[in-house]
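Throughout, read-outs are computed from the coordinates displayed, never taken from laboratory work. Computed from a predicted model, the values in this text were never measured in an experiment. Here the Cβ positions follow ideal geometry from the backbone for every residue, glycine too, while neighbour counts run over all protein chains shown.
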Amino acid sequence: AIRFCLKEVDLFKTQLRAIWRVSALGKVKILFPMISCIEEIREAKQLLEETRRELVAQGVVVAERMEIGAMIEVPAAAVIADQLAQEVDYFSIGTNDLIQYSLAIDRSNERVTYLYEPLHPAVLRLLKRIVDSAHEAGIRVAMCGEMAGDPLCCLILVGMQLDELSMNHLAIPRLKRIVQQSTLAESRALLQKAMTFNNAGDVRSYVQDYMSERFPDEFQKKES
């Protein structure tokens with residue numbers, strides 16, 4: 001990720017030059033992955049601008065600028081999200097890694113996969129911190145990863161007021177129906193209630209019951 005890129009600068013600049021060349025053909029954005037500190041994003045931005053100046057000096061037509069994003073997928077980035085938001089144009093939250101690292105589990109290890117819980121109170125607090133930090137700085141925040149396409153989490157994420165959700169195309173119709181049948185006020189109320197619980201099991205149980213009652217066609221009700 002970004003750590004490798006900043007160690008292998010020549011290779012990184014080759015990639016950046018290619019992206020700049022494409023920018024002459026249309027709007028292009030760049031997203032730096034696995035950011036964990038301000039220094040990384042600033043160094044990456046410096047190299048991005050350096051390659052632009054080099055191409056311009058060679059007579060290559062490139063865009064004046066491109067939107068720069070930071071991937072928020074490690075807890076360190078979530079904690080300093082307010083500072084990172086001052087450096088970029090948008091965030092993309094990578095939930096698969098963020099949840100894994102936050103809960104100290106390895107999703108490929110069957111002995112601990114049961115601990116992977118998107119609705120863990122700590123995860124919800126981290127996500128809300130990231131979204132709030134982005135919006136306070138006036139930038140957009142998107143989400144990718146399994147959580148973004150999970151119907152059970154849909155209203156929770158709407159309540160956080162994420163700007164974009166990236167998911168497998170097969171998940172879109174179901175989530176679209178849920179969003180169309182709900183309101184922002186309802187979603188924010190669900191989120192607020194979910195965040196009052198202090199353990200993941202209670203959060204999941206409450207959200208499952210709520211979604212099953214609210215959207216019976218989308219969720220099978222629990223057998224009594």
Relative contact order for segment 78-224: what is it in percent, counting Cα pairs under 8 Å that are at least 6 residues apart? 23
Can you count the Lys pairs in the chain with C-alpha separation below 27 Å, eight or more apart or on different chains? 18
Roughly what angle does helix 200-214 make with the longest principal axis of the chain, taking Cα atoms, 0 to 90 degrees, to the nearest 10? 70
Semi-axes of the equivalent ellipsoid of the chain: what are they in whole Å, largest first, if each equals the square root of 5 times a C-alpha gyration tensor eigenvalue? 37, 19, 15
Just to be sure I understand the model, the point goes 7 Å from the Cα along the line to the Cβ. What's the resulting residue 25 to residue 10 distance in nm? 2.7
Computed over segment 21-70, Cα set: Rg, Dmax in Å: 11.7, 35
I'd like the distance between the alpha-carbon centres of segment 162-184 and segment 45-114, rounded to an integer number of Å. 24
Burial-style ranking of 175-184, 103-112, 204-213, average other-beta-carbon count within 10 Å with highest first, yields 204-213, 175-184, 103-112
State whether segment 1-121 is rounded, prolate or oblate according to the following rule on the C-alpha gyration tensor (a ≥ b ≥ c being the square roots of its eigenvalues): a/c under 1.5 gives rounded; otherwise a/b larger than b/c gives prolate, and the remaining case gives oblate. prolate
If you take the C-alpha gyration tensor of segment 74-170, multiply each eigenvalue by 5 and take the square root, what semi-axes do you get, largest first, in whole Å? 22, 16, 11
